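Heads up: the structure comes next, in structure tokens.
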Amino acid sequence: MAYCAYLAFRQGVGASEARKSTPAALQEAIRWDPANPANYDALATLTHQYADREDPAEVIRLSRAAVEASPMQADYWADLGSAYEWAGRSEDALRCFERARDLFPLSPDINWRLANFYVRDGKTGTAEIALQRALLGNPELRRPAFALGWGATSDNQELLAHMIPAQPDVLLSYLDFLITTKRIEAANQTWARLLDLRLSFPIRDAFPYLDALIYAHEPDRLEQAWTAMVDKFPAQLRPRVAYPNRIINGGFEFEVLNGGLDWRVLPTPGATVRVDSLNFFDGVHSLRVQFDGRHNLDYGNVAQYVPVHPGTLYRFSGYMRTEGITTDSGPRFQIYDAEQPSKLFLSSENLTGSSSWTPERLEFTTGPETRLLVLRLARPVSHKFDNLIAGTVWIDQISLSSAE
């Protein structure tokens, strides 16, 4: 019993020293508790991190001591692999990293470290397998894994075939990575794979890709992607489409999706937007915007992107009702070229005060390069002294159709 108490005392002192996490304290922890592999591993890590000379021998010695004391601990084998790699002993490093993987084959951390070694060692194919295991096990590793995969190879088709699993959440995360890193062609390929696999995912998860097509000035792909969405979600999207009207959900009879080719409503102080079931021109809903009278708003926060054909005559119509709209600048519809507003910009009549449902109509021909329009409810700022807008406007039955 006395010996057990003595051992417990030594282990307690060793643990107390180890918690200080300094090289000197860890050396003391090893002196008091030489059988504890964690102390050797921790000291090896600190020695590697703060080494002031290229001498990995001490790191290797400490890491080997940790492995010998606990040969079934995968992390210790991976740390020994890092020490061997630092020493330029690639074959020994590979043996240790793969031993760590064999001990814990599904560990995201072990596979992440193994994948990094494979990439540094030029083994791209095996790196992709390890990266897949890493990103499947830990969602926080997805973006680093995508970046490392692209660092190993710029072949997106290879990454889709061997690294990116056929899971909608991972594919959508990868799609978002490609969008944010401006790899639009790779994003197009990934979107095609997502559709080919017929995987289920929420509608809104596709909107960042559609926005990327807008910003990349690819209106044809945008319209194709929306058509694919309509085919994939027929119960939710098909009722919103009323050809030949190119406006989606023009009567606000369905939930505003806030993305894609549906309506977008951007919140802003001074204006409250909601679907209204009490006041409408036709159907059972309209869209209501209420101004609080405390802001001189430059408002254009209800909008929709509309694909069109160049050189084509279009007719627009929409109904508007106002109640107590103040200032000389009231709400109106605006239509303009999404890429070059200077090439095409139209505005309907400015409505102020109170009015019953009033039809607003515009007729125009798109330019030779116009492929995408923006339709929005707008209220430009007033330059009068009395410029704080109050009141309410409703819009309903919005339509844009080719006159040809």
Revision key, fill the gap. Highest GNM mean-square fluctuation among Asp79, Asp337, Asp282, for the chain with Cα springs under 10 Å, belongs to Asp282
Check your understanding: Out of the range 135-231, which trypsin sites (Lys or Arg not before Pro) are coil in DSSP terms and have no more than 13 other C-beta atoms within 10 Å?
Key -> Lys182, Arg198
Revision key, fill the gap. Largest fluctuation, Glu360, Glu323, Glu91 only, Gaussian network model of the chain with Cα springs under 10 angstrom, belongs to Glu91
Point to revise | Acute angle (nearest 10 degrees) that the helix 90-103 long axis makes with the longest principal axis of the chain, alpha-carbon atoms | key: 70 degrees
Review point. How about Lys343: which aspartates and glutamates have a C-alpha closer than 16 Å to its C-alpha, ignoring those fewer than 8 places off in the same chain?
Key: Glu363, Glu369
Point to revise | Sparsely packed chymotrypsin sites (Phe, Trp or Tyr not before Pro) within the range 315-404, loop by DSSP, other Cβ within 10 Å at most 13 | key: Phe385
Practice item. Quick one: grab the alpha carbon gyration tensor of the range 52-133, order the square roots of its eigenvalues as a ≥ b ≥ c, and give me rounded if a/c is under 1.5, else prolate or oblate depending on whether a/b is larger than b/c. Key: oblate
Exercise for review: Can you tell me how much longer the chain between Glu323 and Glu363 gets when fully stretched, taken as 0.36 nm per residue apart minus their C-alpha distance, in nm with one decimal?
Suggested key: 11.7 nm
Practice item. Go ahead and run the numbers for FRET between Val381 and Gln224, Cβ-Cβ distance against an R0 of 30 Å, rounding to 0.05. Key: 0.20
Revision key, fill the gap. Spelling it out for Ser355: with amide H atoms placed in the peptide plane at 1.01 Å from N, the residues 5 or more places away or on another chain with amide H under 5 Å from its amide H are Thr322, Glu323, Gly324
Practice item. Quick one: among Asn387, Asn111, Asn156, which has the greatest mean-square fluctuation in a GNM of the chain with alpha-carbon springs under 10 angstrom? Key: Asn387
Check your understanding: In degrees between 0 and 90, to the nearest 10, how far off the longest principal axis of the chain does helix 108-120 point, with axes built from Cα atoms?
Key -> 90 degrees
Study note, to complete from the structure: Sorted largest first, the Cα spans of the chain on the principal axes come out in Å as 95, 45, 39
**Study point:** Kirkwood hydrodynamic radius of the range 245-404, from inverse mean 1/r over distinct Cα pairs, in Å
**Key:** 15.9 Å
Practice item. Starting from the alpha-carbon convex hull of the range 284-369, give the projected area averaged over all orientations, in nm². Key: 6.7 nm²
**Study point:** In degrees, nearest ten, helix 184-196 long axis to first principal axis of the chain (Cα)
**Key:** 90 degrees
Check your understanding: Setting aside same-chain residues fewer than 8 positions from Lys182, which aspartates and glutamates have a Cα under 14 Å from its Cα?
Key -> Asp211, Glu218
Point to revise | Per residue accessible area in Å² of the range 59-155, where ligands, DNA and RNA are left out and the probe is 1.4 Å | key: 46 Å²
Check your understanding: What number comes out for the charge environment of Asn138, summing +1 per Lys or Arg and -1 per Asp or Glu over other residues with Cβ under 14 Å away?
Key -> +1
Exercise for review: Using only alpha carbons, build the gyration tensor for the range 147-282 and give me the equivalent ellipsoid semi-axes, biggest first, whole Å.
Suggested key: 33, 16, 13
Review point. At what distance in nm do the modelled label points of Lys343 and His217 sit from each other, each positioned 7 Å from its Cα along Cα→Cβ?
Key: 0.8 nm
Check your understanding: With the contact rule set at Cα under 8 Å and sequence spacing of 6 or more, what percent relative contact order holds for the range 304-404?
Key -> 48 percent
Study note, to complete from the structure: Of the accessible area of the chain, computed with a 1.4 Å probe and all protein chains kept, carbon and sulfur make up a percent value of 52 percent
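The values are calculated or read from the model by the stated rules, or taken from the named source; none is laboratory data. Everything quoted here is computed from the prediction, not taken from an experiment. Every residue, glycine as well, gets a Cβ built from its backbone with ideal geometry; the counts of neighbours run over all protein chains shown. Note: areas computed on protein heavy atoms with side chains; ligands, DNA, RNA excluded. Shrake-Rupley method; radii C 1.70, N 1.55, O 1.52, S 1.80 Å.
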